[in-house]
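The values are calculated or read from the model by the stated rules, or taken from the named source; none is laboratory data. Note that the structure is predicted; figures quoted are calculated from it, not measured. Glycine also receives a Cβ, built like all others from the backbone with ideal geometry; neighbour counts cover every protein chain displayed.
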Amino acid sequence: MKILGLLVFCGMAALPQQVVLRAARLFDGRSEVLQTPGLVVVEAGRITGVGPSAVLKPGAKVIELGDATLLPGFMDAHVHLTGEIGQDSRQDTIDGMARTAAETALLGTKYLRATLHAGFTTVRNLGAGDFVDVAMRNAIARGAVEGPRILAASKSLGSIGGHCDPMNGVAPDFFGREPDWKDGVVSGAESARQAVRYNVKYGADVIKICATGGVLSRNNDVDSPQLTLDEIGAIIDEAHAKGKRVAAHAHGASGAKRAIRMGVDSIEHGSFLDEEALTLMKQKGTFYVPTLHAVWSLEERLKTGGVMDPRTQAKLKMASRRIGETFRSAAARGIRVAFGTDAGVGIHGTNAEEFVLMVKGGLKPIDALRAATSVDAELFGIAGDLGALEAGKIADVVAVPGNPLDDIAQTRHVFFVMKDGAVVKNSR
């Protein structure tokens, strides 16, 4: 993928010839068990050896991490790095309207750093205005700012008045015009193709569609379908022809099934998926990104006095009642569950809470760890380079205290982060 052509920081040449990471144990991203002891050897930004058979050269720099577990750099399949919802979501909307693209990017640098320092070295940014996420991706890849590797979706694609309509919920003459495919609002198959081409032209790595309504958008039901089969088919066909994968925001079963039948790569959220939808996902190998963190974050915000539109609260209650049941059903069926948080709805840097929520929801700790490593890498289409601690892979490595299989909450406490073979955090 294009993104992998920009991986090496300018300072890479200054790295020691060989770096050895040593800890009590290791999760390689794929296995059913942890390895003991944990050993990873890194040279020139790549892993050259793992475990006791690795060859250590004289003069290698050894980093001792003690009673900890080494893991591949975590991945998050669903983030929004250009903002973060505060205690008053209505005020957030007003503030966002006054913000320029440049200000959005500058403010977003703190979210980039928080995400990386939480151990998430690769993310998909599923939706951003003004190609800000593309700019962030490029700046990070060039070493100008600190942050995770980004696969950028740019503008989400949806219907007029739908969840992805950037002018939704205001008076008809507020913006002076109706949005079109350049804004991500499509009407018909040809318009949908144009929107994909436009996003890809200006740097999108992945395409996001809004197949149903959403919790936080105004004037649409959370579970209603919002794109026709023709529109979804055109988007997926055009994206796949250009080597881009497609993620579908879909709470409701009807809209999700349209996307699944047309070959979408992942369903995001999936609060109200029914048996037919889950069966189709299993048959077609569709990934499921449940984003449990988003619902949990909104509920926590309300508990601490957060202000939310009553219509949004009603939709949140609906989603909250069903998401746990859907997640358990998907996991039990063996659907490929990927790790994604919808961070931005929740606080950036708290991404690891998704691990805890997944395990509470019935997923085995080892499967939750796989979801954020090898499974996400497969979903992203970058498994050849990332997602596992194996010789030849890019050296993205994190460490957590103790054994996360005994206590998955240890993933909240990442104290060591290496990205592209460079140590960006070591607080031990």
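Below is a table of values for the structure above.
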| read-out | value |
| --- | --- |
| Residue satisfying condition, being assigned to a helix (DSSP H, G or I), in the same structural domain as GLU299 (by TED's automatic domain parsing) and crowded, with 18+ Cβ neighbours inside 10 Å, within set PHE327, PHE339 | PHE327 |
| Selected residue [in the same structural domain as SER320 (by TED's automatic domain parsing), modelled with pLDDT of 90 or more, acidic (Asp, Glu) and assigned to a loop (DSSP other than H, G, I, E, B)] from GLU146, GLU190, GLU178 | GLU146 |
| Answer from VAL222, VAL196, VAL185, VAL200 - the residue that is of a type in the set (Val, Ile, Thr), within 24 Å of the chain's Cα centre (by Cα) and modelled with pLDDT under 85 | VAL222 |
| From ARG428, ARG322, ARG336, residue being under 17 Å from HIS269 (Cα atoms) and at pLDDT below 95 | ARG322 |
| Among the candidates LEU369, LEU357, residue that is surrounded by fewer than 24 Cβ atoms within 10 Å (Cβ to Cβ) and not in a loop (DSSP other than H, G, I, E, B) | LEU357 |
| Verdict on ALA352 being closer than 20 Å to ILE260 by Cα and either at pLDDT 95 or above or assigned by TED's automatic domain parsing to the domain that holds ASN403 (or both) | no |
| Residue match in region 156-164 (condition: surrounded by fewer than 16 Cβ atoms within 10 Å (Cβ to Cβ) and among the small types (Gly, Ala, Ser)) | no |
| Whichever residue in region 49-82 is buried (at least 18 other Cβ atoms within 10 Å of the Cβ) and polar (S, T, N, Q) and, among such residues, is farthest from SER154 (Cα to Cα) | THR69 |
| Cβ-Cβ under 6 Å pairs, at least 6 apart or on other chains, region 145-173 side under 17 Å from LEU81 (Cβ atoms), far side assigned to a loop (DSSP other than H, G, I, E, B) and of a type outside the set (Gly, Ala, Ser) | LEU151/ASP205; ALA152/ASP205; ALA153/LEU126; SER156/CYS164 |
| Residue ID - surrounded by the most Cβ atoms within 10 Å (Cβ to Cβ), chosen from residues in region 105-136 that are of a type in the set (Ser, Thr, Tyr) and in a strand (DSSP E or B) | THR122 |
| Identity of the residue in region 266-279, part of a helix (DSSP H, G or I) and within 23 Å of the chain's Cα centre (by Cα), that ends up surrounded by the most Cβ atoms within 10 Å (Cβ to Cβ) | ALA277 |
